[in-house]
Amino acid sequence: MFQEALRYINKTIYEPKQLTVEYIQEEKQNSEYGAGVFSLSSKTIRFRVAKITPTKIGQFVAFWEKDSNNKNRPFLSEESPELLVVTTFKNNKEFGQFVFPKEILVEKNILRSPSTTGKWL
């Protein structure tokens, strides 16, 4: 799902704006959310595709890593890319992206840092 979504977004949004996608790496954990990291021109990106669930209204995304005990935990801010990009698809003509800078994710207690515990999304 990650590679397919990134190819589509690259063709539709990034290439027309002369933005270059490089250093692509799929993240196996969170793979059901099209998880991956890459560089977009000069910015580092953690990428997710929001998922539609049949039992709830809206779209959902997972944003966490496994610790040494295989338990979910928030990403560490010092090791995180500069941006979190969540892509939502209704169909291949209707989609959008939410872009969250790392500083805001720390401020809102989403990422772990020396002063925040973070939380799971």
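The values are calculated or read from the model by the stated rules, or taken from the named source; none is laboratory data. On a predicted model such as this, the values are computed, not experimentally measured, just so you know. In this analysis, Cβ positions are derived from the backbone assuming ideal geometry, glycine residues included, and neighbour counts consider all displayed protein chains.
Remarks
- Of all residues in the range 88-117, those that are over 19 Å from residue 53 (Cα atoms) have Cβ atoms under 8 Å from Cβ atoms of residues that are assigned to a helix (DSSP H, G or I) and polar (S, T, N, Q), 6 or more apart or on another chain, in 102/77; 105/77; 106/77; 111/77; 112/77; 113/77; 116/77.
- The range 1-20 residues that are on the phi < 0 side of the Ramachandran plot, paired with ones that are surrounded by fewer than 14 Cβ atoms within 10 Å (Cβ to Cβ) (beta carbon under 6 Å, 6 or more apart): 19/41; 20/41
- Filter result for residue 31 (hydroxyl-bearing (Ser, Thr, Tyr) and more than 12 Å from the chain's Cα centre (by Cα)): no
- Hey, residue 29 outside any loop (DSSP other than H, G, I, E, B) and either at pLDDT 90 or above or surrounded by fewer than 17 Cβ atoms within 10 Å (Cβ to Cβ) (or both) or not: no
- Residue ID - surrounded by the most Cβ atoms within 10 Å (Cβ to Cβ), chosen from residues in the range 45-83 that are in contact with a helix residue (DSSP H, G or I) (Cβ under 9 Å, 6 or more places away or on another chain) and among the hydroxyl-bearing types (Ser, Thr, Tyr): 80
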